[in-house]
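K.L.:
The following block contains the structure, expressed as structure tokens.
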Amino acid sequence: MRKGIKEQRDVHVVIRNYRRNGAPFWNDLYISPVRDEADVVTHFIGAQNDITAQREYQAQLSHNANHDALTGLPNRLLLDQRLAQGCLLARRYQRYLAVPVH
């Protein structure tokens with residue numbers, strides 16, 4: 001955001017902010033420069049939207065995709081993702097990967 005303002009160009013960012021009571025919320029923020037007749041930036045205007053509900057919905061979709069609906073435990077898809085990530089890290093750092101079986 002700072003870089004865009006310094007370069008005097010349009011900026012679009014998603015930021016996590018906090019309410020006065022300390023509760024977090026997500027902002028979708030657009031900032032644009034306003035130029036005068038000589039094409040000099042005189043100030044910026046911004047518009048922000050609270051997208052907290054959208055972010056919570058996305059998090060719920062992600063959780064549902066990776067966890068069993070009945071038990072809430074991680075499902076096979078999440079296991080496969082974590083194993084792939086673990087194998088990648090093990091190869092990168094020349095380590096071993098162990099998976100405990102209960």
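K.L.:
Which one of the conditions (1) under 30 Å from K6 (Cβ atoms); (2) not in a loop (DSSP other than H, G, I, E, B) does Q60 fail to meet, given that it meets all the rest?
P.N.:
Result: Q60 fails condition (1) only.
K.L.:
Of all residues in the range 52-88, which are surrounded by 11 or more Cβ atoms within 10 Å (Cβ to Cβ), among the aliphatic types (A, V, I, L, M) and either in the same structural domain as W26 (by TED's automatic domain parsing) or within 30 Å of R16 (Cα to Cα) (or both)?
P.N.:
Across the range 52-88, the qualifying residues are L77, L78, L79.
K.L.:
With respect to N64, determine if the residue is closer than 30 Å to N27 by Cβ and in contact with an Asp or Glu (Cβ under 8 Å, 6 or more places away or on another chain).
P.N.:
So N64 fails the test.
K.L.:
Can you tell me which condition L78 does not meet? The list is (1) closer than 30 Å to R2 by Cβ; (2) touching a residue at least 12 places away in the same chain (Cβ under 8 Å); (3) among the hydrophobic types (A, V, I, L, M, F, W, C), and all the others hold.
P.N.:
L78 satisfies every listed condition except (1).
K.L.:
Taking the condition under 14 Å from the mean Cα position of the chain (by Cα) and surrounded by 13 or more Cβ atoms within 10 Å (Cβ to Cβ), does F25 pass?
P.N.:
Answer is yes for this residue.
K.L.:
From the residues in the range 1-17 that are part of a loop (DSSP other than H, G, I, E, B) and in contact (Cβ under 8 Å) with a residue 12 or more places away in the chain, which one is nearest to V41 (Cα to Cα)?
P.N.:
Checking each candidate, the answer is Q8.
K.L.:
Restricting attention to the range 25-63, which residues are without any contact (Cβ under 8 Å) to a residue 24 or more places away in the chain and within 30 Å of N75 (Cβ to Cβ)?
P.N.:
A53, E56, Y57, Q58, A59, Q60, L61, S62, H63
The values are calculated or read from the model by the stated rules, or taken from the named source; none is laboratory data. Predicted model only: the values in this text are computed from it and were never measured. Glycine gets a Cβ as well: all are built from the backbone with ideal geometry, and neighbour counts include every protein chain shown.
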